[in-house]
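A quick write-up on the structure given underneath.
Read the figures in this text as sums done on the coordinates, not as results from a lab. Keep in mind it's a predicted model, so treat the numbers as computed, not measured. Please note: Cβ atoms are built from the backbone with ideal geometry, for glycine as well, and neighbour counts cover all protein chains shown.
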Amino acid sequence: MSAWTDRILREFPADLARFWIACDPDLVLLDEHVLQSLRDRGFELVSYDDSMAFRAYYEERYRSAWDQGRNPPSAALILHLSSNDSDVLPWDYLKQARTVRLGIADLFDKLSSSVLRQTGAVYYEKLYDAQQAHASQVLGDAATSDFILTHVFKIVPVLIDDEVAFWREVLRLHLRGWSLPGVLADRMAAALQSRSILAHLPIKELVEDRAFALRTIQAAWLAYLQSFGAAPGASGTQDEGSVSSLPIPFDHPDIRMVIDSLFLDGSLEPVAFEAASALAPAWVQVGIKKDVQGQAQFIAESATALAEDLPSEGAHHREWLSFAQRMGDILCKFFELPGEHGDDVSPHVERLQQSADDSFQNWLVRHFADLPSLPASKAPVMLHHVPRHLSYRRNEGGGRQALLLFDGLAIDQWHKLRGRLTEKLPSIEIDDGACFAWLPSLTSVSRQTVFSGLRPREFAVTIESTAAEPTLWAKFWQDAGLRRNEIVYLKGVKRREDLSRIADAVGGPSIKIAGIVVDMVDEIVHGATLGKRGIASQIDDWCDTGFVDQLITLLLDQGFEIFLTSDHGNVDAKGIGRLSQGVLSEIKGERVRVYRSADLASSVPADLDTFRFDLPGLPVDFLPVYPKGRGAFTGVGDRVVAHGGMSVEELIVPFVRITQKSSSHEK
């Protein structure tokens, strides 16, 4: 246990109280390791986001158990309030609970609270250790920013005195998948732009905006290759909207080493060249598109390397999101290989999938219960955070927003779409991300969380259908302050002839938020006969119709900031045997069966390789049973593409922001 976690847990002695109120305006409790340690000690933390939802949960699961002498779900309940204003709470809570107040001013007595709040709670654990070890006096805003840069991001601005040193730090930052919070980007820019050798660089944008930085590096790579006289191929054209005049010292060993890794993990895309100049060094081949055989070898090596770089059992959730994006890139490239080359690479990819699934399942059993409580202002961690994240952005001054939910879109299939969009619409900017779907990864469960902002236990009555989505979507946004005529919900759109319906629905000047379900991918998946390789080909055909890029163009032209996500992914699965149980199972998915009681759930035949994984966020009478591995409840040996389970490809989905490129690079 870290010193940070231990310090927080001191506020919650075991057996001192069974009901707690935690006033936590700085969200220090919403840390994965803290939440896990609280659960290990018998505490359940429930956020007080909705007073009625909390009351129902408290009365049903805790107070009734206490009154009747039964054991509640956990030994103690923590009501988490994201402010210090406990007066908003009902009198009976205040009377029965023990109140604890937490704040970073008390926890970080040597560092600036203002800077820490702008930096974000995700860094508190590392900062607490650093403060204990290295902060000997109280630091002001500028000194606190330098302290964080040094001890969290390992960047020391005073040591950056030339372009090699600057680009080395920029590349290392983005190789880790990080970007600097605005307050730190401002500090770094102020420290470096006084140096004439660096004054011409857009320092703030390069360290704060990962999408902009990678576009800039990609453009510089193209210019570097052209300096050897090599001719760009059809896809090696300049990426308009990027900073094309910034030379990067790729030849320097420190830069070359990081560039290699950025190409290998998919952050940068190799560019096409008709012929590589004999003057170019051999190492540049890592950034040049290969022939089919070379691509197959590259995919095999990438899959092997990624399988050896799995997140640990105690990993932060962001490590799995990053891993899923890298895996999605590899799978996308794999499914594009011709059949014979794909067969050669398949064992490497299958080993990656097997290793990832085993490690991911072990991690989920330990950590999934904590994910729903994590903060969503910076980015949603789970799908039910999405509307809250959009609302937060609106309150921070955002304009019109459109949420595109591509039903059933796996993260590898997003990589396919992304490539087609950047090819057709070079003027757009795509800010890639990912988040967790809900378990079981079924449409009626996971998709409803997106449009309601609720956990599944909070829409138990409608959990078997998506019919309530328009009502749930409208209710969320009306509760957030919008009027009914400012809210749009559409579903069943998938073809070009649907675009006029979308244009009519969102075209009115009063519309401020639109939720749109695009269900072509799910339709393709449920009709798939050639596995995910066949699905990739069908998605290509769909993109050829122009629907996707025209949809994006329509919404951007109407002034919408676009967010794209999915309710679940999909996997190639193999049948372990059919379950013929009549009405015993309420939901009969190929990757999951759901039962309404423990007795019914135990009726699954013992000869089928299955397991139970119950979650506190599900209704108490909603008990999923999953086949192990990539099994499916179909005929033994049958090959199907399905969803509902807990593999990386099913449970981690894209969450992407799409805007027009702007020279201001505003986030």
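If you take all C-alpha pairs in segment 572-642, what percent of them are over 15 Å apart?
49 percent
Which percent of Cα-Cα pairs in segment 522-667 sits in each 10 Å bin, short to long?
So the P(r) values, bin by bin, are 10, 31, 27, 18, 11, 3, 0.
Among VAL28, MET52, GLY177, whose Cα projects farthest towards the positive end of the dipole of the chain, with charges put on the beta-carbon of Lys, Arg (+1) and Asp, Glu (-1)?
Working it through, the farthest residue towards the positive pole turns out to be MET52.
Quick one: which of 66-72, 177-183 comes out on top by average Cβ neighbours within 10 Å, and what's the full order, highest first?
Ranked from most to least packed, the peptides come out as 177-183, 66-72.
What are the residues whose amide H is under 5 Å from the amide H of GLY515, where those residues sit 5 or more places off or on another chain and H is modelled from the backbone?
LEU403, VAL488, TYR489, LEU490
By how many nm would the segment from SER194 to ALA606 lengthen if fully extended, with 0.36 nm per residue of separation less the alpha-carbon distance?
Full extension from SER194 to ALA606 adds 141.3 nm.
Hey, can you rank 625-638, 371-384 by average C-beta count inside 10 Å, highest first? Mind showing how you got there, number by number?
Details: 625-638: 18.6, 371-384: 21.1.
Averaged packing, sorted descending, gives the order 371-384, 625-638.
Determine the calculated [θ] at 222 nm for the chain from helices alone, applying -39500 (n - 2.57) to every DSSP H run no shorter than 4 residues and normalising by the residue count; nearest 500 deg cm²/dmol.
-12500 deg cm²/dmol
Considering only the chain, what is the antiparallel percent among its DSSP beta bridges, to the nearest 5?
Among the beta bridges of the chain, antiparallel pairing accounts for roughly 40 percent.
Given all pairs of different Cα atoms, what value in angstroms does the Kirkwood hydrodynamic radius of segment 295-366 take?
12.5 Å
Spelling out what I want: for every residue of segment 39-50, take phi, set θ = phi - 60°, compute 6.51 cos²θ - 1.76 cosθ + 1.60 (Karplus), and round to whole Hz; glycine and proline get x.
Result, ordered by residue: 4, 4, 8, x, 9, 10, 9, 10, 6, 8, 7, 9 Hz.
Indicate the gyration tensor shape class of the chain (rounded, prolate or oblate), computed on the Cα atoms with a ≥ b ≥ c the square roots of the eigenvalues: a/c under 1.5 is rounded; otherwise a/b larger than b/c is prolate and the rest oblate. Please report the intermediate quantities before stating the final value.
Details: a/c = 1.57, a/b = 1.15, b/c = 1.37.
Oblate shape, in that a/c is at least 1.5 and b/c is the bigger or equal ratio.
From the phi of every residue in segment 382-394, what ³J(HN,Hα) in whole Hz does the Karplus formula 6.51 cos²θ - 1.76 cosθ + 1.60 yield, where θ is phi - 60° and glycine or proline is x?
3J(HN,Hα) across segment 382-394, in whole Hz: 10, 5, 6, 7, 4, x, 5, 5, 5, 5, 4, 5, 4.
When a/c reaches 1.5 or more, the comparison of a/b and b/c decides; with that in mind, is segment 3-102 rounded, prolate or oblate per its Cα gyration tensor?
Oblate.
Counting Lys and Arg as +1 and Asp and Glu as -1, what is the net charge of the other residues whose Cβ lies under 15 Å from the Cβ of ARG483?
On the way: positive: ARG394, ARG400, LYS475, ARG484, LYS512; negative: ASP479, GLU486.
Cβ neighbours under 15 Å give a net charge of +3.
What shape does segment 418-488 take by its C-alpha gyration tensor, where a ≥ b ≥ c are the square roots of the eigenvalues and a/c under 1.5 counts as rounded, a/b above b/c as prolate, and the rest as oblate? Mind dumping the intermediate values first?
Values: a/c = 2.68, a/b = 1.48, b/c = 1.81.
Because a/c hits 1.5 or more and a/b fails to exceed b/c, segment 418-488 counts as oblate.
Distance between Cα centroids, segment 270-320 to segment 498-545: provide it in whole Å.
30 Å
Sort GLU350, GLU590, GLU340 so the one with the fewest other Cβ atoms within 10 Å of its own Cβ comes first.
Ranking GLU350, GLU590, GLU340 by Cβ neighbours within 10 Å, fewest first, gives GLU340, GLU350, GLU590.
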